[in-house]
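Peer 1: Would you mind keeping the following structure in view while I ask a few things?
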Amino acid sequence: MTSLTGREPARALRASLAAELTQFAKIPALTFVRCASHPAGAAYARQVSRGARRVGVPVAEQLLDEASTTAEAIGLVERLAADEQVEGIIVALPLPSPVDTASVVAAVPPSKDVDRITRAAIGAVLAGASKLAPGVATAVLRLLDYYKVPLAGRPVAVVGRSRGVGKPVALMLVERDATVTLCHSRTRDLAAVTSQADVLVSCVGHPGLITRDHVKPGAVVIDVGATYTAAGLQGDVDADGVAEVASAYSPVPGGVGPLTVYCLLENLLHLAREAQGG
C-alpha cells in the first residue's frame, strides 16, 4: 500500500510561499484566537505557527479562558478585524464552552478569514465565486493532485458534512467531475456506501470509524480525522485493517496535516495581497 504523505508537497508549497513573500512591501501577520486550556486548539496553533516561521510570517495568539463570554470573544475578534497590522485571523476550535462559536466565527470579516469558514466565504465557494477555500479542503485536493489520483468520472465517498471540511471537499471534488456521495452520522449502512467508492475521504473526527469493511479493494483512502487521545493524535481510519485492502492511504499524522498548514498560509498571502492593493 502506498503512503500518501503530505510532507513533500508541503515542502514544495512552503518554498513557493517563501519566495512569494519577498514580493511584499509589508509582511502579512496572522493572529489566532483560541481557548487557552484546550489542547487541540493549542496544537493546531502550534503546528501553523511552526510552518509560518519557516515561511517568514509572524504569528500572534489571543487567548480566551473558560470564563470568557460570547460578547468578550466577539469584541476581541472585532478589535483584530479593525487592526491594520493584522492581515489574517484564525479562530481555533473549540472555544470555551460558554461561548457561542457560530457568533464568534461570523465576526471574522471575509477579508481576514484565513480558514475560510465564515458563511460568506463558504457561500463564495459554493457559488464558484472565490479562488480560496478552507485550508483542509484545499489540502485534500492538493494531496490527490500531487499523487496523480484520477477523479473524473470516479465514485468518491466523503464521510463528514462539516461546513469547514466535508461540504467544501465534496463540492471541490464535484468540480473535478467526480461522482460524489456525501455521507454523515445518519447515513444508513455506511460501509455499504463507502465500499463502492474508488476514493474515500473521511473527515469526522471519530478514531477508528473507517475499517477494512468500509473500503473497496484497491481504493484510495484520505484520512482527515484528527482527534487527540491518551494514545496521541488519531485519525478516522483503522490504518492496520485498511492497509490490507486499500491501494493508498494518507496517514495521521503526516498526511493532510502538513499540507494544510501551507494552504492556510497561501490563503493569508492572497488576502494580504488584496488588502495591500495587489
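The values are calculated or read from the model by the stated rules, or taken from the named source; none is laboratory data. Keep in mind it's a predicted model, so treat the numbers as computed, not measured. All Cβ positions, even for glycine, are placed from backbone atoms using ideal geometry, and neighbour counts span all protein chains on display. To get the accessible areas, we keep the full protein, side chains included, count just its heavy atoms, and leave off ligands, DNA and RNA. Shrake-Rupley method; radii C 1.70, N 1.55, O 1.52, S 1.80 Å.
Peer 1: Need at least 1 residues that are closer than 16 Å to Val199 by Cβ per element, so show me which strands (runs of 3 or more DSSP E) inside the range 214-262 make the cut, counting only ones lying wholly within it. Steps first, answer last, please.
Peer 2: Working: elements: 220-223, 227-229, 232-234, 248-250.
It comes to 220-223, 248-250.
Peer 1: Right, here's the next one. Going through the range 224-255 one residue at a time, which ones are under 23 Å from Val114 (Cβ atoms), touching a Leu at 6+ places or on another chain (Cβ under 7 Å) and either open to solvent by 10 Å² or more (accessible area, probe 1.4 Å) or among the acidic types (Asp, Glu) (or both)?
Peer 2: Ala226, Val252, Pro253
Peer 1: Here's another thing I want to ask about it. Restricting to the range 13-35, give me the number of residues that are assigned to a loop (DSSP other than H, G, I, E, B), under 22 Å from the mean Cα position of the chain (by Cα) and among the basic types (Lys, Arg).
Peer 2: Residues meeting the conditions: 0.
Peer 1: Does the range 62-78 contain at least one residue that is out of contact with any Lys or Arg (no Cβ under 8 Å at 6 or more places or on another chain), assigned to a helix (DSSP H, G or I) and open to solvent by less than 10 Å² (accessible area, probe 1.4 Å)?
Peer 2: Yes, that holds for at least one residue.
Yes or no, residue by residue, for (1) more than 22 Å from Ser3 (Cα to Cα); (2) surrounded by 22 or more Cβ atoms within 10 Å (Cβ to Cβ); (3) in contact with a Phe, Trp or Tyr (Cβ under 6 Å, 6 or more places away or on another chain):
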residue: Val174; (1), (2), (3): yes, no, no
residue: Thr179; (1), (2), (3): yes, no, no
residue: Leu190; (1), (2), (3): yes, no, no
residue: Ala197; (1), (2), (3): no, yes, no
residue: Thr211; (1), (2), (3): no, no, no
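Peer 1: Please specify each residue of the range 36-61 satisfying the condition of being open to solvent by 70 Å² or more (accessible area, probe 1.4 Å) and outside any helix (DSSP H, G or I).
Peer 2: Ser37, Glu61
Peer 1: Would you mind finding the one in Val59, Val55 that is touching a Ser or Thr at 6+ places or on another chain (Cβ under 6 Å) and not hydroxyl-bearing (Ser, Thr, Tyr)?
Peer 2: On inspection, the qualifying residue turns out to be Val59.
Peer 1: Kindly indicate which of Arg142, Arg161, Arg154 is in contact with a helix residue (DSSP H, G or I) (Cβ under 8 Å, 6 or more places away or on another chain) and touching a residue at least 24 places away in the same chain (Cβ under 8 Å).
Peer 2: Testing whether each residue is in contact with a helix residue (DSSP H, G or I) (Cβ under 8 Å, 6 or more places away or on another chain) and touching a residue at least 24 places away in the same chain (Cβ under 8 Å) leaves just Arg142.
Peer 1: Since Pro150 meets every condition but one in (1) open to solvent by less than 20 Å² (accessible area, probe 1.4 Å); (2) closer than 20 Å to Val215 by Cα, which condition does it not meet?
Peer 2: Of the numbered conditions (1) open to solvent by less than 20 Å² (accessible area, probe 1.4 Å); (2) closer than 20 Å to Val215 by Cα, the odd one out for Pro150 is (1).
Peer 1: Follow-up question, since we're still on this one. Listed residues Pro94, Pro9; which is of a type outside the set (Phe, Trp, Tyr) and either in contact with a Cys (Cβ under 7 Å, 6 or more places away or on another chain) or at pLDDT below 95 (or both)?
Peer 2: Residue meeting the stated conditions: Pro94.
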